[in-house]
Amino acid sequence: MSTVKLSLSDAYDLALECLLHNGCNRENAEAVAGRMIQAEADRCYSHGLFRMPWYVSGVKSGRVNGHASPTVERLAPGVLRMDGDGGYAPLGHRVGQAPLMACAREQGIAALAYVNMFHIAALWPETEALAEEGFCAFAFTGSYPYVAPAGGKSPLFGTNPMGFAWPRKDRPPLVFDQASAAMARGEIQIAARDGHSVPETAGIGPDGETTTDPNVVLKGAQLGFGGYKGASLAMMIELLAGPLIGEFLSIESQQDDGGLKGPPKGGELILALDPARFGAPDEYLERGERLFHAVLDQEGTRLPGDRRHASRAETRHSGIELPARLHREIQDLMA
């Protein structure tokens, strides 16, 4: 596969120019471009520039507000609600972080419910940003129905990712971001694009048949990781990022799309906990490190997020290699 080598700065400029050209104002374009390049820097390709055509299609169709101005209100002492104004999530995350942190410091724990927005990025950036400020953080969001319930054959749940971050002293936070599906949707799409197979656990065909062909999975249904356990987590996240905060279920988001095949509209729930307010303000960092050291003492282990941090350090100097056809596709979006 031929590639185009870009510095992170050049990749950001490419993304920014494309978003500005296709209907985003500068504030929204900067937030979305920054989020995509964060993913590229961490070699999380399924959430990087691979998503650009989807971002652009949402704005050009008129379904996504490229000039969104998110607003925050406080519903209860520990509960905030962000109206995303029909835009993409990254700007809402920028606007919501400071109020969420202030509320969590005041109450010890705070929840921020994002509604009326489109989230098609990774979850780790919003939780990592909170952990860098000393908070323990969780995030949950939905998507379109891609995942069959345990024992079922038809898509019902989203891939419904969850994110978690834990602060550490003098080193990057521990962070993980994972789908409740066995594979993220974007990973299956990239496998289909590049002609690779996927594990049998990734999904099933339209008639419930076992397959390793990503194209067949994309026509059928994905599966939860660990069978019924992943499906149960997918259901939990449907409820947390949907009915709890007054937003769509995955099946409702698909109905709202009306066949446009744009990005899913829905909600996100972020929880921020201030460890200093939970009774062990002088111990939590040290005891967390005790756990991490015990993990790393076992041969063959690593901590969640370590590979991303290593990639981030490398790409800061080496830049990224973008598939040439994706680079052309992005350039064509500006023609």
note = Met235 meets each of (1) open to solvent by 50 Å² or more (accessible area, probe 1.4 Å); (2) part of a loop (DSSP other than H, G, I, E, B) with one exception, condition (2)
inquiry  = Among the residues that make up segment 178-185, is at least one of them within 20 Å of the chain's Cα centre (by Cα), over 27 Å from His309 (Cβ atoms) and either surrounded by 22 or more Cβ atoms within 10 Å (Cβ to Cβ) or of a type outside the set (Val, Ile, Thr) (or both)?
reply    = no
remark   = Counting only residues in segment 244-280 that are touching a Ser or Thr at 6+ places or on another chain (Cβ under 6 Å) and among the charged types (D, E, K, R), the one least open to solvent (accessible area, probe 1.4 Å) is identified as Glu268
Filter result (of a type in the set (Asp, Glu) and either open to solvent by 70 Å² or more (accessible area, probe 1.4 Å) or under 14 Å from Gln222 (Cβ atoms) (or both)) within segment 193-208 = Glu200, Asp207
query = For Ala234, which of the numbered conditions (1) in contact (Cβ under 8 Å) with a residue 24 or more places away in the chain; (2) out of contact with any Phe, Trp or Tyr (no Cβ under 8 Å at 6 or more places or on another chain) fails to hold?
reply = (2)
ask   = When residues of segment 147-177 are filtered for being touching a Gly at 6+ places or on another chain (Cβ under 6 Å), open to solvent by 20 Å² or more (accessible area, probe 1.4 Å) and closer than 18 Å to Pro264 by Cβ, how many remain?
value = 1
query = Picking from Ala335, Ala241, which residue would you name as being open to solvent by less than 50 Å² (accessible area, probe 1.4 Å) and either within 17 Å of Met117 (Cβ to Cβ) or of a type outside the set (Phe, Trp, Tyr) (or both)?
reply = Ala241
note = Going through segment 84-107 in order, the residues found to be more than 22 Å from His47 (Cα to Cα) and crowded, with 16+ Cβ neighbours inside 10 Å are Asp85, Pro99, Leu100, Met101, Cys103, Ala104, Arg105, Gln107
request  = Could you please find all residues in segment 278-321 being part of a loop (DSSP other than H, G, I, E, B) and touching a residue at least 24 places away in the same chain (Cβ under 8 Å)?
outcome  = Phe278, Leu303, Pro304, Gly305, Gly319
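The values are calculated or read from the model by the stated rules, or taken from the named source; none is laboratory data. It should be emphasised that the depicted structure is a prediction, and the values quoted were computed from it without experimental measurement. Neighbour counts run over all protein chains shown; Cβ positions are idealised from the backbone, glycine included. Just the protein is used for accessible areas: all its heavy atoms, side chains included, with ligands, DNA and RNA removed. Shrake-Rupley method; radii C 1.70, N 1.55, O 1.52, S 1.80 Å.
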